[in-house]
Amino acid sequence: MSSFLSLGEIMVELAPAQDGLLKQGFAGDTFNTAWYARRLLPPEWSVSYGTVIGQDAISDDMADFIRAQGLDTDALARHPERTVGLYMISLKDGERSFSYWRGQSAAKTLADDPNRLAAMLKGRRNIHFSGITLAILPPKARSTFCAALASARAQGAHVSFDTNLRPKLWGSIDAMRDGLTLGASVADTVLPSFDEEQSIFPDQTPRDTVTRYARGGATTVVVKNGSAPATAWHTTEGTVQVTPPSVAQVTDSTAAGDSFAAGFLAARALGQSLQQATEQAATLASNVIQHRGALAPALFEGESK
Ligand code: ADP
């Protein structure tokens, strides 16, 4: 079956609105990737978001939201006591800062039950996760999660990993380095950002990042580098470099990497070349950063249904 499953955490977002009010939304890196993948893959593909939510009203709203965005909820599990995480955006002098309440979120139990996890992954063609998916899991659950992905990969799933560094979520730099290396070791496709990799690994060039993840077992590595060329490598297709379309004014860089991942993975899932897939990824990301917010429905309006 043609299916794309993205796994991680989606949270309640509270953002400043007029008159001191807060506007409620839902957001998360792997959710953003699923959202874009849904719009890039043909209707006959199933695109699912997988996580654990609660059984309370806000969790019901979240499930409704995920469904309303066109995603399948067949990999959505419910925790009997916990609820979903929450973050709040504060605006001061035009700068956004974030406060999080996610320490006890239901999503942290994603790998607590290996049988449930195996059932979620069973039969999926593409499985996507990120460094945030791993960072929120307790260490033992992280190993369970990666073992389950390795097993899905051995059974033919294409596993992709967006490294998405969040130093605050990992206990230490060493834990983050080990966690990312473990995550990448179970993935076919690894999507790192060069500035982040350079900050914790001894990589001098994007090529070094490719080499390191290739040695770790990846068959495709795409190293993003902001407005500089992305370096994409595949075992048999070799290396290509794609210069992102130039963007005069970045409105909001949220979801640049998440949409890039969707653009690349959807193209590859549909059999496009490394060059074509990297171009689609860079074009989508350059459009997304010219829109406010993570999701840019305007980019897909007017397309034939
Ligand atoms: P991440 O958001 O994952 O840290 P990057 O910042 O490298 O990764 O951005 C992801 C992709 O978004 C880039 O590879 C590029 O295609 C696009 N992008 C980011 N910043 C710019 C920019 N200033 N101009 C054009 N494209 C950009």
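The values are calculated or read from the model by the stated rules, or taken from the named source; none is laboratory data. It should be emphasised that the depicted structure is a prediction, and the values quoted were computed from it without experimental measurement. Here the Cβ is made from the backbone with ideal geometry for all residues, glycine too, and neighbour counts use every protein chain on show.
Within the range 167-185, the set of residues being hydrophobic (A, V, I, L, M, F, W, C), surrounded by 14 or more Cβ atoms within 10 Å (Cβ to Cβ) and in a helix (DSSP H, G or I) comprises Ala175, Met176, Leu180, Leu182, Ala184.
Looking at this structure, is Arg124 away from the ligand (no atom under 16 Å from the Cβ), under 18 Å from the mean Cα position of the chain (by Cα) and of a type in the set (D, E, K, R)? So Arg124 fits the description; yes. Of the candidates Ser193, Ser227, the single residue that is within 9 Å of the ligand (Cβ to nearest atom) and free of Cβ contacts under 8 Å to residues at least 24 places away in the same chain is Ser227.
Residue check: Pro245 meets all listed conditions (1) within 9 Å of the ligand (Cβ to nearest atom); (2) assigned to a helix (DSSP H, G or I) but one, namely (2). Those strands (runs of 3 or more DSSP E) of the range 1-118 in which at least 3 residues are among the hydroxyl-bearing types (Ser, Thr, Tyr) and surrounded by fewer than 19 Cβ atoms within 10 Å (Cβ to Cβ), considering only elements entirely within it, cover 95-101.
Does Phe300 satisfy the condition of being closer than 23 Å to Ala27 by Cβ, modelled with pLDDT of 95 or more and exposed (fewer than 15 other Cβ atoms within 10 Å of the Cβ)? Taking the combined requirement at face value, the residue satisfies it. Within the range 274-286, the set of residues being away from the ligand (no atom under 12 Å from the Cβ) and either surrounded by 21 or more Cβ atoms within 10 Å (Cβ to Cβ) or β-branched (Val, Ile, Thr) (or both) comprises Leu274, Ala277. Just one of (1) surrounded by 23 or more Cβ atoms within 10 Å (Cβ to Cβ); (2) of a type outside the set (A, V, I, L, M); (3) closer than 26 Å to Met62 by Cβ fails for Pro192. It is (3). Scan the range 257-298 for residues that are within 14 Å of Val247 (Cβ to Cβ), assigned to a helix (DSSP H, G or I) and out of contact with any Ser or Thr (no Cβ under 6 Å at 6 or more places or on another chain) and the total you get is 6.
Once the range 215-224 is narrowed to residues that are closer than 19 Å to Ala277 by Cα and away from the ligand (no atom under 14 Å from the Cβ), the residue that is surrounded by the most Cβ atoms within 10 Å (Cβ to Cβ) is Ala218.
In the set Gly257, Gly271, Gly263, only one residue is of a type outside the set (S, T, N, Q), away from the ligand (no atom under 15 Å from the Cβ) and under 23 Å from Asn126 (Cβ atoms); that residue is Gly271.
The residues in the range 230-242 that are within 8 Å of the ligand (Cβ to nearest atom) and either more than 30 Å from Arg292 (Cβ to Cβ) or at pLDDT below 95 (or both) can be counted, and the count is 0.
Summed over the range 196-208, the residues that are in contact (Cβ under 8 Å) with a residue 12 or more places away in the chain and either away from the ligand (no atom under 12 Å from the Cβ) or part of a loop (DSSP other than H, G, I, E, B) (or both) give a count of 3.
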